[in-house]
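S.K.: This is the structure I want to talk about, given as structure tokens.
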Amino acid sequence: MKRKSYKPNPNTMKRCKHAPPTSSNLKSSFDLHLQHNLSKEEIDNQKNLKFSWDVPVIGVSNCKWIGTGENILEDFDINSCPGLKTKLHEHWMEVSKTSGGKDINSPKQQMFFSLCSSYRDILHCNKRPFYLKGLEDISIMDAYIMHSLNHVFRARDCVKKNDAELSRLEEGADSERFRDQGFLRPKVLILLPLASIMHRVVKRLIQLTPSAYKVNVEHMDRFSTKFGAEEHKGDKENGEEPENADAQKSSKPDDFQLLFEGNNEDDFMIGIKFTRKTIKLFSDFHTSDLIIASPLCLVNKIEETGSNKEKDVDFLSSIEVLIIDHADVIAMQNWSHVHTVIEHLNRLPSKQPRTDVMRIRPWYLDEHARFYRQTIILGFFSNPDINASFNHQCSNYEGKVKLMCEYKGVLHKVLPKIQQVYVRFNIDSIVEADDNRFDYFVKKVFPKIKDSDE
């Protein structure tokens, strides 16, 4: 793989730190991505895409971004926010200053937001989690929330603009150029492992929404009661604390306590709808702009459609941005649920769409929506299941970008030499391979280790 040097321009960094995005007659990345006419050749080439370039991660010596197609980071202005609406950018800066945030202007965060704005599929496998005390990387969460808000608001602005133009057109005029919608309204889906994490993300999303869009937040009290910190049951209900409460709490490591404190429910789902000046929580899933859910909840709803024909998951048909945060935690729950959810995204709806059919984008009707869906997977580490989903279930025509990290390990620090012995054993069935491996270890390998003087 050919390595290309990457050096940010310090003058550009200084100039762009507090400057809002400049207005331009050029189309935004949102328009360029969704208005692209996908050819059959581009679809056929999806299987042959290879990672052809790499760019080092600023401030992290052992990591680099690798990607397919054109190297979008080679001459990228990492200290601008490409395609971000001016109101969103200004409010983001304002919130960051108020909360004392330092990462908003860092090249690392701006590079990640630039990747999000490119609408390429992203696998970030080195995101520092909040449950490692003192190491939380909230800047990455802010970046994908801003990208989600920007996508929702740009989609809404596009529809409102075309509505106004259509109202001025004479009856029977050509309206082909006003195709601006999917089968249903939901455009962004965020998958999270626990309700407590969802509570944090929604609160941050509301905080990062400009005041012009959130004059009123409906059902906030209900949201806090349902998904806020979970009260201990038992003696605490009677105003008494268990005698060994401190001992029980201290028996778990710090990262366990931070991850599972609060509401650790793993079966949850909420729809969020943005109107002119209101954020509506608990909105109907079919008419929401953004849905936040656990993979388990969505799988349960998918299974319900098999036994109850009146129910459907058509709200998954028009998802254009899929974000999977804390993928490492979800992998420890059950990654097959994520696989099932992705398989059901961007399918043709089972019922008549609630949208004007003449306004639906052509690639939805051609069943090519999966090639336009952007998938962003974030986690503390990766594993074969996560890699498999990214490699085989993400087919964005824009291409893919992946974070690769190299670790030196610790074996070289061990002073005595370690002899590694590989032993082959025979099995009759691949299904019983794990049991056979364990039996072989117990009967053949362990006795030798036990009897050894070493």
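Quick note: the coordinates plus some simple rules give every number you see, no bench work behind them. Everything numeric in this text was worked out from a predicted model, so none of it was measured. Every residue, glycine among them, receives a Cβ derived from its backbone with ideal geometry; neighbour counts consider all protein chains shown.
S.K.: Any idea how far the Cα center of the range 373-446 sits from the one of the range 324-361, in Å?
M.R.: The range 373-446 and the range 324-361 have Cα centres separated by 27 Å.
S.K.: Translational D (Stokes-Einstein, µm²/s) of the range 370-411 at 37 °C and 0.692 mPa s when Rh comes from the Kirkwood sum over C-alpha pairs?
M.R.: 274 µm²/s
S.K.: Amide H neighbours of residue 324 under 5 Å, counting only residues 5+ apart in sequence or on other chains, H built in-plane at 1.01 Å?
M.R.: Close amide H contacts, sequence-distant or interchain: 191, 376, 377, 378.
S.K.: Over all directions, the average projected area of the alpha-carbon convex hull for the range 250-405 comes to how many nm²?
M.R.: About 12.4 nm², averaged over all directions.
S.K.: I need the Debye-formula profile for the range 316-454: one equal scatterer per C-alpha, no solvent, reported as log10 I(q)/I(0) at q = 0.09, 0.12, 0.20, 0.21 1/Å, two decimals.
M.R.: -0.53, -0.77, -1.19, -1.23
S.K.: I've got another one for you. Please compute the net charge surrounding residue 403, taking Lys and Arg as +1 and Asp and Glu as -1 over other residues with Cβ under 10 Å from its Cβ.
M.R.: It works out to a net charge of +3.
S.K.: Could you give me the ³J(HN,Hα) list for the range 332-348, computed from phi with Karplus coefficients 6.51, -1.76, 1.60 and θ = phi - 60°, whole Hz, x at Gly and Pro?
M.R.: Here the 3J(HN,Hα) series is 7, 7, 5, 5, 4, 5, 4, 4, 5, 4, 4, 4, 9, 6, 6, 8, 5 Hz.
S.K.: Moving on to the next point. Work out from phi, with θ = phi - 60° and the Karplus expression 6.51 cos²θ - 1.76 cosθ + 1.60, the ³J(HN,Hα) of each residue of the range 212-223, listed in order in whole Hz, and give x for Gly and Pro.
M.R.: Working through the residues one at a time gives 5, 9, 9, 4, 9, 10, 7, 6, 5, 5, 4, 5 Hz.
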